[in-house]
Every structure is written in C-alpha cells, then in structure tokens.
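The values are calculated or read from the model by the stated rules, or taken from the named source; none is laboratory data. From a predicted model like this one, the values you see are computed outputs, not experimental measurements. All Cβ positions, even for glycine, are placed from backbone atoms using ideal geometry, and neighbour counts span all protein chains on display.
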Amino acid sequence: MSQHFHVHPDNPQQRLLKQAAEILRGGGVAAYPTDSCYALGCHIGDKGAVDRIRRIRGLDDDHWLTLVCRDLSEIARYAKVDNIQYRLLKSCLPGPYTFILPASREVPRRLVHPKRLHLGLRIPDHPVVLGLLEELGEPVVSTSLVLPGENEPMTAGWAIRDALEHQIDVVLDDGSEAAHLTTVVDLTTDVPVVVRQGLGPAARLGLEA
C-alpha cells in the first residue's frame, strides 16, 4: 500500500521530501505534483521501477519518457545542447515545457527512444518536485499521470492513492488539482517543432503550434 504525504505546495516539509527520496532510491515509484499536472517518477538507474511506470501507464517502448531535472546544467549533462538551443531552454525553464533533445552518453540506453536516440527533458516550476530533486541529487524518470484509456491526467492526490495504492509507493499530495499537460517541443531538427500544445504557450518560444 502506498504512503500518502500531505506536502505544503509552496514550502514542502523537508522531512517528507527526504523520505520520498529514500523511497525512490529503494526502487519505489512516486506520484508527485508539477506545474502542469501530477506525474509518475522513479530513480534514473532503476530498470524495474521504469518498467512499472510503463505498465501503470500502458506504454510501449516507443513512448517518450522524460528526465525531470533540477536545472539547465543537469539538462546539459544528459542531452546534447548547442548554444541556440540553450538560449531557448533558458528563456522558458523552469516552466510547463518538455524538450526533445539528443541523448548524451550519460543516459541509460533503456530510457532513450529506440529508433531515434532522443529523450524528453524538463524543469518544472514547482517547489515540491524541485525540492524532491534536490534531496535526491539527480533527475527522475517521469511521465504524466494519465491512466490507460483516459485522455486527461489524474488531478487529485487522494484519487491517485485510491486508484494506484497497490501499484506505486508514495503520493506527494499538495492539494492541487491541476489537469494540464506540458507543451512538447522537438529540438532535434533544424527548426524547433511543437509536437504537442499544452500549458506552455508556443508564442513564448517564438513558434506556432
């Protein structure tokens, strides 16, 4: 049965973030809030936890997974970023955007798209997940919490625990009920392309959806 941590949305309790980080280090899967919607996440090095997330979501190997990072330097470690791309990332992160970039050698191969060697990366603008990442000291592998057969993400911590209490290990519940997806931008081509229009406005990127 999953643990249910009630965290303050602006000043999350450090002891709860520390406990959640230990759960992830031990192979656990967490549901946590972001600036767009709740997400599922696990330790970057844990294949079993990644496989669990895929099963919960009903995802195959062709579906993008995302690395949620603390800052731009962490993105630059796990992705190949040129100067133009870096300026674009800096202009809108932290924020509700996911950027698809070529993976660096730091990324475990099982996390990379099998046909393109790319992956999604993002930095959410939310104290809870940023605090969790700081406590963990590295990115988490993540995906929006949209259950199989549904088009919209789950919106409340209590509902997530009720639905997934035997499939995940901890819910970080900040009382929010956000139901937006990120805007996904492909930076692997000569011209950036908005793959999915979500909460982040394309106009901020100088692009059209």
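The table below gives the values:
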quantity	calculated
Qualifying residues in the range 26-74 (those that are basic (Lys, Arg) and touching a helix residue (DSSP H, G or I) at 6+ places or on another chain (Cβ under 9 Å)) - the one nearest to residue 182 (Cα to Cα)	70
Matching residues in the range 151-174 - criterion: being in a loop (DSSP other than H, G, I, E, B) and either closer than 12 Å to residue 38 by Cα or in contact with a Phe, Trp or Tyr (Cβ under 7 Å, 6 or more places away or on another chain) (or both)	152, 153, 154, 155, 156, 174
Residue check, residue 204 under 22 Å from residue 49 (Cα atoms) and basic (Lys, Arg)	no
So residue 31, is it aliphatic (A, V, I, L, M), crowded, with 23+ Cβ neighbours inside 10 Å and out of contact with any His (no Cβ under 7 Å at 6 or more places or on another chain)	yes
Residue selected from the range 82-101 under the condition among the hydrophobic types (A, V, I, L, M, F, W, C) and either surrounded by fewer than 21 Cβ atoms within 10 Å (Cβ to Cβ) or touching a Phe, Trp or Tyr at 6+ places or on another chain (Cβ under 9 Å) (or both), by the criterion farthest from residue 141 (Cα to Cα)	84
Pair list, Cβ under 9 Å, 6 or more apart: the range 40-65 residue at positive phi, other residue among the hydrophobic types (A, V, I, L, M, F, W, C)	58/147
Number of the condition not met by residue 90 [criteria: (1) within 22 Å of residue 157 (Cα to Cα); (2) in contact with a Leu (Cβ under 7 Å, 6 or more places away or on another chain)]	(1)
Test for residue 177: is it without any contact (Cβ under 8 Å) to a residue 60 or more places away in the chain, of a type in the set (Asp, Glu), closer than 23 Å to residue 13 by Cα and surrounded by fewer than 20 Cβ atoms within 10 Å (Cβ to Cβ)	yes
Of residues in the range 161-177 being within 20 Å of residue 127 (Cα to Cα) and out of contact with any Pro (no Cβ under 7 Å at 6 or more places or on another chain), the one modelled with the lowest pLDDT	177
All positions within the range 119-171 that are under 15 Å from the mean Cα position of the chain (by Cα), β-branched (Val, Ile, Thr) and within 24 Å of residue 97 (Cβ to Cβ)	123, 128, 129, 140, 141, 143, 146
Residues that are outside any loop (DSSP other than H, G, I, E, B) and hydroxyl-bearing (Ser, Thr, Tyr), drawn from the range 175-209	183
Near pairs, Cβ below 7 angstrom, 6+ apart or cross-chain, from the range 124-146 (within 20 Å of residue 73 (Cβ to Cβ) and at pLDDT 95 or above) to any residue that is in a loop (DSSP other than H, G, I, E, B) and of a type in the set (Lys, Arg)	130/70; 133/70; 134/70
